[in-house]
Amino acid sequence: MGISASASDVAGLYEALGLGLFALETDLRRVRRREERVLSASAEDPGGLAVAFLSRLLLLQQTEGFLVRELHVRPVGSPPTSLLATALGEPFDPARHEGRIEVKAVTFHRLSVDLERLRARVIVDI
């Protein structure tokens, strides 16, 4: 299973990847922006940063049951080697949130992050 994303800027690309992760797991239209979480990620290159960021978001979901509806990402560096993000969402509620696919891990397999074209592809383990 994979996530493909494109955007008009680097921040938007990482935001789209993050929202794509949660779209695999549930219907984002049913997730409310009730709580905020702040997180960061870093890596040596943009691809590694995508994996680190998505892994951090996945950990948030796995440990707190937190579903993300909206992301605000601030990349640091050019090309970015770290980012700061604010995630808006709420804990999983089985009465309102459809459980789709359980993502177990984010992988480097066939990873592609192209900052010039603002496109990315990340494969996840389910």
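The values are calculated or read from the model by the stated rules, or taken from the named source; none is laboratory data. Just so you know, these numbers come straight off a predicted model, no measurement behind them. Heads up, the Cβs are rebuilt from the backbone with ideal geometry, glycines too, and the neighbour counts pull from every protein chain shown.
List of remarks:
- The conditions of being more than 13 Å from Val122 (Cβ to Cβ), touching a Leu at 6+ places or on another chain (Cβ under 8 Å) and not in a strand (DSSP E or B) are met by Leu60.
- Residues that are crowded, with 22+ Cβ neighbours inside 10 Å and under 15 Å from Thr107 (Cβ atoms), drawn from the stretch 52-77: Phe53, Leu54, Leu57
- Residue in the stretch 96-117 that is of a type in the set (Asp, Glu), surrounded by fewer than 19 Cβ atoms within 10 Å (Cβ to Cβ), in contact with a Phe, Trp or Tyr (Cβ under 9 Å, 6 or more places away or on another chain) and assigned to a strand (DSSP E or B) present: no
- Contacts under 8 angstrom Cβ, first residue in the stretch 93-115 being touching a residue at least 12 places away in the same chain (Cβ under 8 Å), partner of a type in the set (Ser, Thr, Tyr), 6 or more apart: His97/Thr26; Glu98/Thr26; Gly99/Thr26; Arg100/Thr26; Ala105/Ser55; Val106/Ser55
- From the options Arg30, Arg69, Arg34, residue that is out of contact with any Gly (no Cβ under 8 Å at 6 or more places or on another chain) and either modelled with pLDDT of 95 or more or farther than 21 Å from Asp114 by Cα (or both): Arg30
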